[in-house]
Amino acid sequence: MGGLWVPEYLRHFTEVQGRTPEQHEQLSILQEQVRREATALEIAGQQPCAWVFCDTAPLLTAIYSDCMFADASLYPPAHGLQARYALTLLLEPDIPWEADGLQRDGVLQRATVHVRIEHTLAERAWPHVRIAGSKEQRLLAAEKAVLSLTS
């Protein structure tokens with residue numbers, strides 16, 4: 001779609017560290033994700049680039065921190081940051097769960113996190129679109145949702 005992509009910093013963290021983060025590292029993970037997004041936005045502003053796609057959001061870091069460590073301290077900054085996104089693509093957990101190394105915790109954790117994301121997006125009335133189905137259906141739905149922002 002001619003945009004920039006900001007990958008999930010948590011994935012990089014787990015690959016480099018060889019482990020999942022500890023509670024005291026959650027804030028720095030959130031901050032690094034935000035820093036990388038800001039860099040991408042700066043680059044997009046210097047180019048004729050209409051989109052910056054982020055493979056996660058600080059909100060997810062806050063939700064994981066709450067689920068894993070019963071630490072709700074990241075919600076205030078995450079909520080403030082989430083409000084700046086034009087759209088969130090909420091991927092439904094309707095495909096089989098697959099382990100992807102250190103950072104995913106299983107099908108039950110996926111369901112818990114998904115419900116919290118869904119509830120928070122709806123409660124705050126942040127723009128979001130549910131994306132479900134096969135890989136091809138998901139891609140088409142995501143493209144349609146993003147392109148609808150320009151109409």
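Every number here is computed from the coordinates shown, using simple stated rules; none is lab data. On a predicted model such as this, the values are computed, not experimentally measured, just so you know. Glycine also receives a Cβ, built like all others from the backbone with ideal geometry; neighbour counts cover every protein chain displayed.
Using a cutoff of 8 angstrom between alpha carbon atoms and counting only pairs six or more residues apart, the relative contact order for the chain works out to 23 percent.
Just how large is the dipole of the chain about the Cα centre, in debye to the nearest 20, putting +1 at every Lys and Arg Cβ and -1 at every Asp and Glu Cβ? Write out the running numbers ahead of the final one.
Details: 13 positive and 19 negative charges, 64 e Å.
Here the size comes out at about 300 debye.
Taking GluC sites (Glu not before Pro) as exposed when DSSP calls them loop and at most 16 other C-beta atoms lie within 10 angstrom, the chain has its longest site-free stretch at 23-97. Summing +1 for each Lys or Arg and -1 for each Asp or Glu among the other residues whose beta-carbon sits under 14 angstrom from that of His79 gives +1. When Leu91, Leu81 are arranged by Cβ crowding within 10 Å, least crowded first, meaning fewest neighbours, the order is Leu91, Leu81. Counting beta carbons within 10 Å around each of Asp71, Asp94 and listing the fewest first gives the order Asp94, Asp71. Pick from Ile63, Ile29, Ile43: which residue has the top mean-square fluctuation in a GNM of the chain where Cα pairs under 10 Å get a spring? The residue that fluctuates most here is Ile43.
If you take every residue apart from Val16 with its C-beta less than 15 Å away from the C-beta of Val16, what net charge results, scoring Lys and Arg +1 and Asp and Glu -1? After counting each charged neighbour, the total is -2.
Counting only helical runs of four or more DSSP H residues, what would the 222 nm mean residue ellipticity of the chain come to if each run contributes -39,500 (n - 2.57) and the total is spread over all its residues?
Working: 6 runs with 81 residues, N = 151.
Theoretical 222 nm ellipticity from helices: -17000 deg cm²/dmol.
Sorted fewest first by neighbouring Cβ atoms within 10 angstrom, Cys67, Cys54 come out as Cys67, Cys54. Dipole orientation for the chain: of the candidates Gly18, Ser148, Ser65, Ser148 has the Cα lying most toward the positive pole (charges on Cβ; Lys, Arg +1; Asp, Glu -1). With the convex hull constructed from alpha-carbon coordinates only, the chain shows a mean projected area of 9.3 nm² over all directions.
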